[in-house]
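Working notes, beginning with the structure itself.
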Amino acid sequence: MTRTEHLADGVTLHLGDCREILPTLPRVDAIVTDPPYGIGFKYSGDYVDHGGERYRALIEPLRGLPIALLQYPVEMIREVVPVLGPPDDVLAWVYPSNTPGRNFRLWGIWGLKVDLSAVKQPARNPDSSKVKNLFVNSYTWWEQPQVKNVSEEKTDHPCQIPVSSVDRIIRLIGARSVIDPFTGSGTTGVAAVKLGCRFDGIEREPKYFDIAARRISDALARPDMFIAKPVPPARTERPVGLFDTKGR
Ligand SMILES: C[S@@+](CC[C@H](N)C(=O)[O-])C[C@H]1O[C@@H](n2cnc3c(N)ncnc32)[C@H](O)[C@@H]1O
């Protein structure tokens, strides 16, 4: 089953398999995504996430595209690097967790430039009178709790990530148009539209598609929040597919 929902000018959600839909979409600045990986994890619908071989086959079509991809450190090296090649940059999102090996995740960056001056954060030693109130360029790692059941932003998606983690990545890579082929609850879309980016999201489970549509619509509609108008889609004589290198 496939369905397309236009939420605003330049903001569209696609229900279906990203391997079929992604090649039909116009070229964008960046793919920003958190593909499914989770040791036999059961999502809604028929998708059982086995990691390994199935995961590698899912991300294979992303090779060669400008991409920021989230993964646990061991899996990043073991599963992602063999498929996408060595990343151009790596950033770490660190959070409290008692699970060994599961207390930080990496954002691997391919084909994009990270500008650490695009995000400021407080100096690491704020007690020093010299650096008090001093904000410095972003570090290559930062702390941000995971989304928990009690988190305000929590939805019914089992592996939702915080909007702020994706917001930071989009700022650091300076993207103005983003695709998330594994949209889940729409976190990338929420971060993207709040930053005024064009956004296309793909999700194959209707339940998560509906959650994403609601969240992104809320983010677009919230009058108490500054939401820049999405940048209108670039006009080309014909759509330039992501896999069409002629237009590059
Ligand atoms: C790790 S989750 C993404 C979670 C998301 N970052 C969030 O914060 O909600 C991965 C999502 O990819 C979806 N998915 C799995 N295979 C897919 C495919 N072939 N095409 C599109 N979506 C797919 C799953 O249903 C799941 O919702």
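Report the full-extension gain for the segment residue 102 to residue 3: residue separation times 0.36 nm, less the Cα-Cα distance, to one decimal in nm.
Taking residue 102 through residue 3 to full extension adds about 32.1 nm, to one decimal.
As an exercise, identify the trypsin sites (Lys or Arg not before Pro) in the stretch 145-191 lying in DSSP coil whose Cβ has no more than 15 other Cβ atoms within 10 Å.
148, 154
Could you give the nm distance between label points at residue 151 and residue 137, where each point is 7 Å from its Cα heading toward the beta carbon?
Inter-label distance under the simple model: 2.8 nm.
Rank-order 72-80, 106-114, 196-204 by packing density, defined as the average count of other C-beta atoms within 10 Å over each peptide's residues, highest first.
So the peptides 72-80, 106-114, 196-204, ranked by packing, come out 196-204, 106-114, 72-80.
Taking Rh as the Kirkwood radius, which is the inverse of the mean 1/r over Cα pairs, what is the Rg/Rh value for the stretch 3-225?
Ratio of gyration radius to Kirkwood radius for the stretch 3-225: 0.96.
Hey, which of these cross-link pairs are over 26 Å Cα-Cα: 113/148; 120/194; 113/207; 120/207?
Violating the 26 Å limit, Cα to Cα: 113/148; 113/207; 120/207.
At 7 Å along Cα-to-Cβ for each site, give me the label-to-label distance between residue 222 and residue 83 in nm.
Rounded to a tenth, the inter-label distance reads 3.2 nm.
Each reported figure results from applying straightforward, stated rules to the coordinates on display, with no laboratory input. Being a predicted model, the structure only gives us computed values, none of them experimental. Counting neighbours? That spans all protein chains shown, and the Cβs are built from the backbone with ideal geometry, glycine included.
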